[in-house]
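Every number here is computed from the coordinates shown, using simple stated rules; none is lab data. Computed from a predicted structure; not experimentally measured. Methodologically, a virtual Cβ is constructed for each residue, glycine included, from the backbone with ideal geometry; neighbour enumeration extends over all protein chains shown.
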Amino acid sequence: MEQRGNEFTLKINQAQKSDNGVYSCLVKSQNENVKCSAQVLVQDKLMVSRPCMDVKGYGGQDVILTCEVNRVDSTAEWTKDDQLLAEGGNIIMEQQGNEFTLRIKQAQMSDNGVYSCLVKSQNENVKCSAQVLVQDKLMVSRPCMDVKGYGGQDVILTCEVNRVDATAEWMKDDQLLAESRDVVMEQQGNKFTLKIKRVQKSDDGLYTCLVKSDNEEVKSSAEVSVQEFEKEWRSLKLEIDAKEEMQTELCQFKPKVEPLRILLYGPAGSGKSSFITSVANIFKRRLTSEALADAVCAGTSFTRKHTTHKIEVSGNSEILPFVFNDVMGLEGEESKGVHPDDIINILKGHIKENYEFQKFPLGDEDKFYNRSPSLSDKVHCLVCVLPADQISFIRADVTKKMREIRERASEMGIPQVVMVTKLDCACPVVNSDLRKIYHSMTIKEKMQECSNKLGVTMNYIFPVKNYHEEKDLVLEIDVLILDALLKTVHLANDFLNKNKQNKNVFSYFPWFSQTA
């Protein structure tokens, strides 16, 4: 408190709200008193207590900005990009106590910008700002389109949306797709692309592009339908002159050792015996019953004995210079079907004709055991016969036996091929037109599956159709069989030529006697 002459002063240092009240000055002089009073109101410094927040909105929606200060004795004005806003049209400004609101009705992208609320109270000013981003609602601007492609071609699906701030994932038949060597996903701005390289029949399906942005998502779907190959993936002339040319070559073939011996093996019911009968049909020019087969194919072998089949040529008493050895089929359990060791002994020429297969492999003391096989007793080419319609369902233990046999034969250097039978059961296209065999994706995929199971390269796998319900000979069936047979015979003879030319080879294959 201070007095300067007739002036009295009360100073409240660092006043607080607790200092609020009515203050009076009582002045006395002799017998006189006078008083004056004043109200002291202490309030907080003007501050923003709740600032504006950035807003993302979609076209046509209302956008609301709110600014709250700590005092009610204030007014406000709004600016957009530092330009004063006037109320009217789609702009509404409101004040409720210490809260200021700006509403933009049915906002458009033209309303995008930085909005500021400038609050004034007495001699104080405060400001808060926020970004308004109005964008179109996420939507597909160009949907995926259904695609029909040929096998082996690349297929591309494209989905385009109206915004660039989006990501996407692809699904096939509602299962999430992962990128791989043959599945490539790309994004360029608002455009999403799925590329499937070298499509196969297994790529058929419904593909969906699921696009996400913030809390929005849209999707577009398209059907991919893979058709058969536009061009043949393997060349074969299915004509009568091709048949006659191959038939003549096989009849006149002069192998190094006669007869060439070809052993057929495979799962029970795969079509080994039917293949031998089909070959006999071609050369006798009529349907025959060379090797009886079971029409039921119930998973157990119809063939019980080790049998050699010689093929007669129609019109004369000649016999083809090669024979087929037929054996019991491979079955799942250890004690069922032909034992792999028996197959190996046949390869080496140790098992005689008409031996009836048992649960256990033939011993070297048995009367059917050939102790001194000649070169012509031994197998010169090993053929695995697999049914196209059952390749995917072959039991693991049967596959294991086949691989064991293949590995043992490989150690001996014996050439190996695979005949894929029952093409018509595996592929409706081939069933209706056998000439489409090398246009068929299904057949190629089945052959690839054979290759994966056994480790045999595709060029040694031949699709064939056995005679089954036909009443007469069919040109296409004959050509397929003759083509596979001719290549098999050449492989067998090449094997013998190699061993004849290189005497040292017998040191690598001690099982291979030079006795003719």
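Kirkwood radius for segment 30-74, taken over all pairs of different Cα atoms as the inverse mean of 1/r, rounds to 15.6 Å. Here the Debye sum runs over all C-alpha atoms of the chain as equal scatterers in vacuum, and log10 of I(q)/I(0) at q = 0.06, 0.12 Å⁻¹ comes out as -0.53, -1.10. On the basis of the beta-carbon distance and an R0 of 41 Å, residue 374 and residue 188 show a calculated FRET efficiency of 0.05. Ordering 368, 5, 27 by the projection of their Cα atoms onto the charge dipole of the chain, which places +1 on the Cβ of Lys and Arg and -1 on the Cβ of Asp and Glu, puts 368 at the extreme positive end.
Could you list the residues of segment 114-133 with an amide nitrogen less than 13 Å from a label point located 7 Å from the Cα of residue 90 in the Cα-to-C-beta direction? Zone members listed by number: 133.
Take every DSSP beta bridge with both residues inside the chain and express the antiparallel ones as a percent of the total, to the nearest 5.
Details: 83 of 110 bridges.
About 75 percent, rounded to the nearest 5.
Could you tell me which of the pairs 243/367; 272/436; 284/359; 148/243 are separated by over 32 angstrom between their Cα atoms in the structure shown? Please list the in-between numbers first.
On the way: 243/367 43 Å; 272/436 24 Å; 284/359 36 Å; 148/243 35 Å.
Violating the 32 Å Cα-Cα cut-off are 243/367; 284/359; 148/243.
Assign unit charges at the C-beta atoms only (+1 for Lys and Arg, -1 for Asp and Glu), then state the dipole size of the chain relative to its Cα centre in Debye, rounded to the nearest 20. Mind dumping the intermediate values first?
Numbers: 66 positive and 75 negative charges, 285 e Å.
Rounded to the nearest 20 debye, it is 1360 debye.
Proximity of backbone amide H atoms, modeled 1.01 Å from N, is registered between residue 124 and no other residue at under 5 Å, excluding neighbours fewer than 5 places apart on the same chain.
Could you state the angle between the C-alpha long axis of helix 441-454 and the longest principal axis of the C-alpha atoms of the chain, as a value from 0 to 90 degrees rounded to the nearest 10? That helix lies at roughly 80 degrees to the long axis.
Positive end of the charge dipole of segment 258-502 (Lys, Arg +1 and Asp, Glu -1 on Cβ, about the Cα centre): tell me which of 282, 259, 414 has its Cα farthest that way. Projecting each Cα onto the dipole axis, the largest value belongs to 414.
What does the net charge come to around residue 456 if you take all other residues with beta carbon closer than 14 Å to its beta carbon, with K and R at +1 and D and E at -1? Don't skip to the answer; put the middle values down first.
Working: positive: 403, 406, 446, 453, 487; negative: 407, 449.
My count for the surroundings of residue 456 gives +3.
Which of the GluC sites (Glu not before Pro) found in segment 82-135 are in a DSSP loop and have at most 14 neighbouring Cβ atoms, other than their own, within 10 Å? Mind showing how you got there, number by number?
Values: sites: 87, 94, 99, 124; in loops: 87.
Counting only loop positions with at most 14 other Cβ atoms within 10 Å, the GluC sites (Glu not before Pro) in segment 82-135 are 87.
What aspartates and glutamates sit close enough to residue 127 to cross-link, taking a C-alpha to C-alpha distance under 14 Å and skipping anything fewer than 8 places away on the same chain? Here the aspartates and glutamates satisfying the reach criterion relative to residue 127 are 68, 77, 81, 82, 99.
By other beta-carbon atoms within 10 Å, ranking 372, 440 with the fewest at the front produces 372, 440.
Restricting segment 188-237 to trypsin sites (Lys or Arg not before Pro) that sit in a DSSP loop and have at most 13 other Cβ atoms within 10 Å of their own Cβ leaves 198, 231, 237. Phi angles of segment 416-432 translate, via the Karplus equation with coefficients 6.51, -1.76, 1.60 and θ = phi - 60°, into HN-Hα couplings of 9, 9, 10, 9, 9, 9, 6, 4, 5, 6, 8, 9, x, 4, 5, 4, 8 Hz per residue; Gly and Pro are given as x.
Which GluC sites (Glu not before Pro) from segment 364-422 combine a DSSP loop assignment with at most 13 other Cβ atoms within 10 Å?
On the way: sites: 365, 404, 407, 411; in loops: 365.
Sparse-neighbourhood loop GluC sites (Glu not before Pro): 365.
Angle of helix 240-251 to the longest C-alpha principal axis of the chain, folded into 0 to 90 degrees and rounded to 10: 50°. Listed by Cβ neighbour count within 10 Å, with the fewest neighbours leading, 405, 319 appear as 319, 405. Distance from the alpha carbon centroid of segment 353-414 to that of segment 131-209 works out to 50 angstrom. Assuming charge only on the beta carbon of Lys and Arg (+1) and of Asp and Glu (-1), the dipole of segment 187-244 about its Cα centre is about 280 debye to the nearest 20. Here 145, 328, 402 are placed in order of increasing Cβ neighbour count within 10 Å, fewest first, which gives 145, 402, 328.
What number in nm² do you get for segment 155-300 if you take the convex hull of its Cα atoms and divide its surface by four?
Numbers: hull surface 62.2 nm².
Approximately 15.6 nm², given one-decimal rounding.
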